[in-house]
Every structure is written in C-alpha cells, then in structure tokens.
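The values are calculated or read from the model by the stated rules, or taken from the named source; none is laboratory data. Keep in mind it's a predicted model, so treat the numbers as computed, not measured. Glycine also receives a Cβ, built like all others from the backbone with ideal geometry; neighbour counts cover every protein chain displayed. Ligands, DNA and RNA are stripped out before the accessible areas are found, and what is left, the full protein with its side chains, is counted by its heavy atoms. Shrake-Rupley method; radii C 1.70, N 1.55, O 1.52, S 1.80 Å.
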Amino acid sequence: STTEAKRLLISGVNSATKTGEITELKNISPNFIECCIELDYQARNTIENASETSLWAKKHDIKTLILVTSNYQMPRSLREMALASPDLTFIPYPVIDKKVQIKNWWEFPGTRRLLMGEYFKYILAMGRIGLVKIGVQSSVLKTERPQ
C-alpha cells in the first residue's frame, strides 16, 4: 500500500536552501509546494530535528508521521523522535545511499568511518535517552522537551 502525506516538513535545512528548489523534484505539484511544504532552518542535529518536528506536528494536529532519513540513521532517529513525541506514530521510510557499501562495509574506508560514527552516535544517544527517561535533568543531555 502507498502512504501519502498531506503535509511535509523538511527539518534541518541548510539556510541557503529555498522552497522553490523543491519544484525541481519529481512528482510534486506546485500547489502542494505552496500550501503544504515547510522548511525548518533551526534544527542542527537529530535531537533538534526531533524537537522541531514535535512542535510542527502539534501545530498541525498530526498524529502519524512518515520519517524519511538514511537507512543507517533510522534506528537512532526513530528513538529520538519517540522521545520528543511519545504520542505520535512513526512510519520509517529509510533511504539507501547507493554510495554506501553495505556488503563488506569494513573494506571501504569511507563507509567504515560513516557506519562506525553512526554506531557510536547511537550508543551515546541510547545512554542519553535512558538518562532522560529516568528523570536526569541536564542541559548537556538536552532534556528540554517541546511544550
């Protein structure tokens, strides 16, 4: 089955990116771009993406979100999103970068660095999320939740 979104938030967008650039993407009508696509320039990392997405979903009374990110970032992204928005349902839509060599990944220096870096980010995120869930409050943990 195909899932179709009524609105689209692109979080963590580079400040030089403009909404008009989205018109170059295939299969997106100009009417949808004008009415229903928002760019978030505030978020600089996965934690902030989750926070901004939570605020946006509440503003638009959205209960289910399709989360689009790279396949290797999906586990961490889903956990950060669930922490920021425990009342939302997330449908993962992993994107596979053809340049990332998953088969025999350890033989490719770029892929090895990428996946090992993501692994360590995941481990750190799980520790931070665990501390937040047990009530540890610290700006280092970025425990503030959207209101």
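Below, the figures for the structure above:
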read-out: Within the stretch 8-88, strands (runs of 3 or more DSSP E) holding 1 or more residues that are modelled with pLDDT under 90; value: 8-11, 37-40
read-out: Any hit, the stretch 104-124, residues being of a type in the set (A, V, I, L, M) and in a strand (DSSP E or B); value: no
read-out: Every residue from the stretch 43-77 that is open to solvent by 60 Å² or more (accessible area, probe 1.4 Å), farther than 25 Å from Tyr119 by Cα and in contact (Cβ under 8 Å) with a residue 12 or more places away in the chain; value: Leu55, Lys58, Lys63, Thr64
read-out: Residues of the stretch 97-116 satisfying the condition of being at pLDDT 90 or above and either in contact with a Phe, Trp or Tyr (Cβ under 6 Å, 6 or more places away or on another chain) or surrounded by fewer than 12 Cβ atoms within 10 Å (Cβ to Cβ) (or both); value: Asn104, Trp106, Glu107, Pro109, Gly110, Thr111, Arg112, Arg113, Leu115
